[in-house]
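Beneath this line is the structure, given in structure tokens, with notes to follow.
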Amino acid sequence: MQQAAIFQTLADYNRWMNERLYARCGELPAVERERDRGAFFGSISGTLNHILLADMLWLDRFYQVAPRRRFSALDETVHADFAELSTARARLDAEISDWVATLDDVWLAQPFTFTSLVSPNPRSFRRGDALLHFFNHQTHHRGQVTTLLKQAGVEPGVTDLLWLPGLELQQPTATG
């Protein structure tokens, strides 16, 4: 499998998991989504906002454009209203999927240099490695959200990549 195809699978998984996770989070009253549960970004809303913020920053870095919005810290609230946050997440997931579909292995192998909010020194990696971090970061923090949901009494459901619809190979039918 080519590396670009793997990233399309990760983009599909990202979208699928966010749709499912936001649906579960939407079952909670706002006060429960905002409750500080001791996670790195405090609450469910804080963690979801962080994921969105980081995705926006990374996409702008990948696009090599000025940030669509200036952030001074990784814990800033992008959208306090859950409906607005959900809409922004869905839009960004569509953008991620569309963009990843344009990538090829040549692009992924090229060097990529950026400066992060937490370290002012420029860092350089292969684009593919930076994109792998992008998807891994989302998965890491979504895992935290699933724990926070369980603490709030909401079952997050299966989160394994292999349960992504359409990924399983069809079983051959028995003949004869």
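Laboratory data are not the source of any read-out in this text; all were calculated from the coordinates shown. Nothing here was measured: the structure is a model prediction, and the numbers come from that model. In this analysis, Cβ positions are derived from the backbone assuming ideal geometry, glycine residues included, and neighbour counts consider all displayed protein chains.
The ranking of S124, S97, S86 from fewest to most other beta carbons within 10 Å of each one's beta carbon is S124, S97, S86. Could you give me D for the range 34-96, from Stokes-Einstein at 4 °C and 1.567 mPa s, where the hydrodynamic radius is the Kirkwood radius over C-alpha pairs? Units µm² s⁻¹, please. The calculation lands on 106 µm²/s.
Helical content alone sets the calculated 222 nm signal of the chain at -18500 deg cm²/dmol, taking -39,500 (n - 2.57) per DSSP H segment of four or more residues and averaging over every residue. Restricting the GluC sites (Glu not before Pro) of the range 59-108 to loop positions (DSSP other than H, G, I, E, B) with no more than 15 neighbouring Cβ atoms within 10 Å leaves E76. So, R0 is 35 Å and r is the distance between the beta-carbons of I6 and R123; what FRET efficiency does that work out to, to 0.05? Here the calculated transfer efficiency is 0.95. Dividing the mean sequence gap of close Cα pairs (under 8 Å, 6+ apart) by how many residues the chain holds gives a relative contact order of 30 percent. Within the chain, the whole DSSP H helices whose Cα atoms reach 15 Å or more along their own axis and whose mean Kyte-Doolittle score is at least -0.5 are 44-63, 82-100. Rounded, prolate or oblate: which fits the range 76-176, taking a ≥ b ≥ c as square roots of the Cα gyration tensor eigenvalues, rounded meaning a/c under 1.5, else prolate when a/b beats b/c? Because a/c hits 1.5 or more and a/b fails to exceed b/c, the range 76-176 counts as oblate.
The fraction of all Cα pairs in the chain landing in successive 5 Å bins from 0 to the largest distance is 1, 7, 16, 20, 18, 15, 11, 6, 3, 1, 1, 0, 0, 0, given as whole percents. Is the range 113-162 best put as rounded, prolate or oblate by its Cα gyration tensor, with a ≥ b ≥ c the root eigenvalues, rounded for a/c under 1.5, and otherwise prolate when a/b is larger than b/c, oblate when not? Note, shape of the range 113-162 comes out oblate.
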